[in-house]
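Notes for the one structure printed next.
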Amino acid sequence: MAAPREERIAEQRIEAMLPSFPFYIQEYIRDKRRYGNTPSTQLDYLYDFRIFFEWLLNEGLSPTSQSISEIPYSILATLRKQDVEFFIDFVRDKPFEVKKDVWKKRSVTRVIRITQSLKSLFRYLTEETELENGECYFDRNVMTKIKIGKTKETAKRRSQRISTSLLNDQDIEEFIMFLKNEYEMTLTPRQKAMYMRNKERDIALISLMLGSGIRVSEAAGLLMSSINHKKNTIDVTRKGGKEDTVLVLPSTMDDLRAYLNVRSERYQPNQQEAFVFLTRYQGKAQQISIRSIEANINQYTKAFTSGRSMSPHKLRHSFAGGWLRNGGDIVKLRDQLGHSSIETTALYTNLKDDESISIVERMDKSRRNDQISD
């Protein structure tokens, strides 16, 4: 299956960045590539490692090195727990420049990801590498002493926070109808012309995510050959490059067919163009980017909710909530969403609070009646 455009761009950035890293980082990235990590994931590792290695240089912890590429793995072998803790404090507390003269601190999630990246690297260097004598590069893994802070938010609290910005079944129907019939009325003539050019495509994209629960990267990478109109299924490439088949709501397939009916005339792709969702750029048809999909969803949901935008992932959450509300099994939901762990899918079981609320209300009513009878 062909790689989405973002993945191809990530591959190019990886090749440009790798020469600036030590050989053992290059080996690590090749190992991750060999075992199915996507280019985007590999690139995230490099970004995290660059922060770490630049910190090592700035702190003078590799005194003989003038650049990142010169930092030997022996430096990593001798790092103390306190050194790593100082680095994590730096990552958490030091603002970084997002763009010119705009600074912000990293989120807790970002700090945890950087720490996890280092744990993965040190585990690789101490357990999976091999010198001529058969030994690993070094055996002292300081990262085993570093604990990753867990969120103080319970799964139920997190699911309640998520559910405040989800679409229920009626909302989803109204949202799709809003895009089909009302949204264009809110636009200027110029905005309307732009919207009408991509209307069927954008409706099909949003309908597909709400009607199947697929990730935005899976939608962007969908191929023409992957659609089965008779069975109402699509083939997608999951995280790690795994191939999977996903069920799609029949109404969503109708929206997808409406787009496919205008795809050739609207975007004029060549016969070799395999991607379903296209855009016109510099006079040529090409695969729509993940960033464009995210921007469109943000714009459309903000218009529909009068100011509250939603991410593509919230559309995925909305599908999961609808699955469970309509009696769907959690194991089958795991397979539908492409989760590797049932624990991840279990988050959605807490989205069905209507029944719990009803039980509490009945309990309260029963107690009040008992007090009256006394």
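The values are calculated or read from the model by the stated rules, or taken from the named source; none is laboratory data. What you see is a predicted model, and the numbers here were worked out from it, not measured in a lab. Every residue, glycine among them, receives a Cβ derived from its backbone with ideal geometry; neighbour counts consider all protein chains shown. Each accessible area value is taken on the protein alone, full model and side chains, heavy atoms only, with ligands, DNA and RNA left out. Shrake-Rupley method; radii C 1.70, N 1.55, O 1.52, S 1.80 Å.
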Inset, instruction - Kindly indicate whether GLY338 is open to solvent by 50 Å² or more (accessible area, probe 1.4 Å) and over 25 Å from PHE178 (Cβ atoms). - result: no
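Given GLU11, GLU6, GLU27, which one is open to solvent by less than 70 Å² (accessible area, probe 1.4 Å) and within 22 Å of the chain's Cα centre (by Cα)?
Going through GLU11, GLU6, GLU27 in turn, just one is open to solvent by less than 70 Å² (accessible area, probe 1.4 Å) and within 22 Å of the chain's Cα centre (by Cα): GLU6.
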Inset, instruction - Out of the residues in segment 304-318 that are within 15 Å of ILE203 (Cα to Cα) and modelled with pLDDT under 90, state the one that is least open to solvent (accessible area, probe 1.4 Å). - result: PRO312
Inset, instruction - Please specify each residue of segment 283-311 satisfying the condition of being in contact (Cβ under 8 Å) with a residue 60 or more places away in the chain and under 15 Å from MET209 (Cβ atoms). - result: ILE288, ILE290, ILE293, GLU294, ASN296, ILE297, TYR300, THR301, PHE304, MET310
Inset, instruction - Might you let me know whether segment 221-231 holds any residue that is under 22 Å from the mean Cα position of the chain (by Cα), among the basic types (Lys, Arg) and on the phi < 0 side of the Ramachandran plot? - result: no
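Assess whether VAL98 counts as being in contact with a strand residue (DSSP E or B) (Cβ under 7 Å, 6 or more places away or on another chain) and not aromatic (Phe, Trp, Tyr).
Details: in contact with a strand residue (DSSP E or B) (Cβ under 7 Å, 6 or more places away or on another chain): yes; not aromatic (Phe, Trp, Tyr): yes.
Yes; evaluated as a whole, the condition is true for this residue.
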Legend entry - Which numbered condition THR129 misses (of (1) β-branched (Val, Ile, Thr); (2) touching a helix residue (DSSP H, G or I) at 6+ places or on another chain (Cβ under 8 Å); (3) modelled with pLDDT under 90): (3)
Inset, instruction - Test LEU18 against the stated conditions and say whether it is touching a helix residue (DSSP H, G or I) at 6+ places or on another chain (Cβ under 8 Å), under 16 Å from LEU121 (Cβ atoms) and in a helix (DSSP H, G or I). - result: yes
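For residues in segment 176-199 being within 20 Å of LEU256 (Cβ to Cβ) and among the basic types (Lys, Arg), which is least open to solvent (accessible area, probe 1.4 Å)?
Ranking the candidates gives LYS199 first.
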Inset, instruction - Determine which member of the set PHE86, PHE49, PHE90 is more than 17 Å from TYR24 (Cα to Cα), open to solvent by less than 80 Å² (accessible area, probe 1.4 Å) and part of a helix (DSSP H, G or I). - result: PHE90
Legend entry - Residues located in segment 124-135, provided they are surrounded by fewer than 16 Cβ atoms within 10 Å (Cβ to Cβ), assigned to a loop (DSSP other than H, G, I, E, B) and either basic (Lys, Arg) or under 34 Å from the mean Cα position of the chain (by Cα) (or both): GLU128, GLU130
